[in-house]
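Trainee: The structure is given below, and queries will be raised subsequently.
The values are calculated or read from the model by the stated rules, or taken from the named source; none is laboratory data. All values derive from a computational prediction rather than experimental measurement. All Cβ positions, glycine included, derive from the backbone under ideal geometry; neighbour counts span all protein chains shown. Just the protein is used for accessible areas: all its heavy atoms, side chains included, with ligands, DNA and RNA removed. Shrake-Rupley method; radii C 1.70, N 1.55, O 1.52, S 1.80 Å.
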Amino acid sequence: MSSQLAQVRRFNRTVTQRVGALSDDFLSRSRPLALSRLLWEIGTEGGEVVMLRARLGVDSGQMSRMLRALEADGLVTVVPSDADGRVRVARLTEQGLAELDVIDERSDELAASILDPLGDRERTQLVAAMRTVERLIATSLVELRQVDPESPDAQRCLRAYVAELNRRAPERGFDPSKGSTAEPDEVRPPNGAFVVVYLSGEPIGCGAVKHHPGSVSDLKRMWIAESARGLGLGRRLLDHLEGLVREHGSKEARLETGDVLGEAIQLYRSAGYVEVPPFNDEPFADRWFSKPLSEVDKI
């Protein structure tokens with residue numbers, strides 16, 4: 001164990017030094033890594049301050065100081081949420097969006113400077129190792145927890161879910177109160193269940209099951225934050241929801257989705273879901289899927 005601990009510490013020192021994490025001039029942008037990372041986390045969609053704080057693992061005082069620094073530079077504004085005036089949301093200004101483009105460009109240059117000195121085989125090995133490290137660290141930090149659908153964490157995830165659907169297809173205007181609903185009483189035991197995915201204690205995803213009479217259950221409101229995608233969390237959440245369906249005694253899991261969610265469609269198909277005729281009147285959906293569940297699937 002001691003040799004493993006020493007290796008982890010050596011790895012941490014190597015990475016922080018190589019990427020310039022200790023510099024107050026990270027990526028030559030006259031600010032430390034923490035502020036550039038906050039800009040990236042706010043991103044083009046903006047983010048609730050409480051979720052940004054949890055995502056970066058900082059306390060409210062430090063988050064306030066970071067946001068004030070970015071506001072003073074004209075890069076960020078903090079405003080009440082349109083959905084809930086009690087919730088503060090950070091958004092990038094036009095200058096902030098331009099700065100984010102520069103940060104992305106400089107980050108690509110930094111990544112290239114790490115890869116360029118290596119041969120093709122070494123690059124492949126390094127990238128594969130990085131992917132494995134990222135996935136395993138995320139696995140050790142992830143918790144899937146069943147919560148009340150009206151809890152603050154559940155509501156934060158649902159707001160982000162709706163915001164992303166409307167960003168991807170603004171002309172369709174997704175309204176969760178219409179069509180195939182997942183109201184709190186419909187996804188609360190014994191009628192269903194609501195699950196929040198936590199990464200380092202931060203709510204970064206959600207999903208629900210909605211049971212129907214007979215032996216069929218619908219999977220609803222599946223969402224993983226963009227910053228946490230690519231770590232296998234979508235598949236892990238899907239497997240967890242299927243487990244809840246089995247525990248209820250249902251033999252079939254169903255779901256619907258829109259064509260704008262190509263990654264989700266690919267995930268469902270790879271997990272054994274097949275496209276079927278529409279089984280509800282969800283106006284946002286373009287495709288409906290079904291998967292028979294059995295005891296064998298548990299193994």
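Trainee: Treating each Cα of the chain as an identical point scatterer and ignoring solvent, apply the Debye formula and state log10 I(q)/I(0) at q = 0.11 Å⁻¹.
Mentor: Values returned for q = 0.11 Å⁻¹ are -0.79.
Trainee: Using the Cα gyration tensor of the stretch 19-148, with a ≥ b ≥ c the square roots of its eigenvalues, what is the shape: rounded (a/c below 1.5), prolate (a/b larger than b/c) or oblate (neither)?
Mentor: Oblate is the answer for the stretch 19-148, as a/c is 1.5 or above yet b/c matches or exceeds a/b.
Trainee: Fully extended, how many nm does the chain gain between V276 and Q4 (0.36 nm per residue separation, minus their Cα-Cα distance)?
Mentor: 93.0 nm
Trainee: Rg over Rh of the stretch 123-231, using C-alpha atoms and the Kirkwood radius, what does it come to?
Mentor: Radius of gyration relative to Kirkwood radius: 1.06.
Trainee: In debye, nearest 20: dipole of the chain around its Cα centre with unit charges on the Cβ of K, R (+) and D, E (-)?
Mentor: So the dipole magnitude of the chain works out to roughly 960 debye.
Trainee: Rounded, prolate or oblate: which one fits the stretch 37-90, using the alpha carbon gyration tensor with axes a ≥ b ≥ c (rounded when a/c is under 1.5, else prolate when a/b beats b/c, else oblate)?
Mentor: Taking the square roots of the gyration eigenvalues as a ≥ b ≥ c, the stretch 37-90 is rounded.
Trainee: Now, a different point. Would you mind computing, in nm to one decimal, how far apart the modelled labels at A129 and D25 are, each placed 7 Å from Cα along Cα→Cβ?
Mentor: Placing both labels 7 Å beyond Cα along the Cβ direction yields 3.0 nm.
Trainee: In addition: Would you mind computing, in nm to one decimal, how far apart the modelled labels at H240 and D259 are, each placed 7 Å from Cα along Cα→Cβ?
Mentor: Going from the H240 label point to the D259 one covers 3.2 nm.
Trainee: How large, in percent, is the carbon and sulfur part of the accessible surface of the chain at a probe radius of 1.4 Å?
Mentor: 52 percent
Trainee: Under 1.5 on a/c is rounded, so check that first for the stretch 214-265, then, if it is not, pick prolate when a/b is larger than b/c and oblate when it is not; a ≥ b ≥ c are the square roots of the alpha carbon gyration tensor eigenvalues.
Mentor: In terms of gyration-tensor shape, oblate.
Trainee: Below 15 angstrom from the Cβ of L231, what's the summed charge of the other residues (Lys, Arg +1; Asp, Glu -1)?
Mentor: For residues surrounding L231, the net value is 0.
Trainee: Another question, then. Rolling a 1.4 angstrom probe over the protein heavy atoms, how many square angstrom per residue are accessible across the chain?
Mentor: Roughly 55 Å² per residue, with all protein chains present.
Trainee: Within the chain, which is the longest segment containing none of the trypsin sites (Lys or Arg not before Pro) that sit in a DSSP loop and have at most 16 other Cβ atoms within 10 Å?
Mentor: 87-171
Trainee: Under 8 Å for C-alpha pairs, at least 6 residues apart: give me the relative contact order for the stretch 168-299, rounded to a whole percent.
Mentor: Answer for the stretch 168-299 is 21 percent.
Trainee: Taking the Cβ of F284 as the center, what net charge do the other residues with Cβ under 9 Å away carry, scoring Lys and Arg +1 and Asp and Glu -1?
Mentor: Combined, the nearby Lys, Arg, Asp and Glu give -2.
Trainee: Given labels modelled 7 Å from the Cα in the Cβ direction, how far is it in nm from D185 to E71?
Mentor: Modelled inter-label distance: 4.1 nm.
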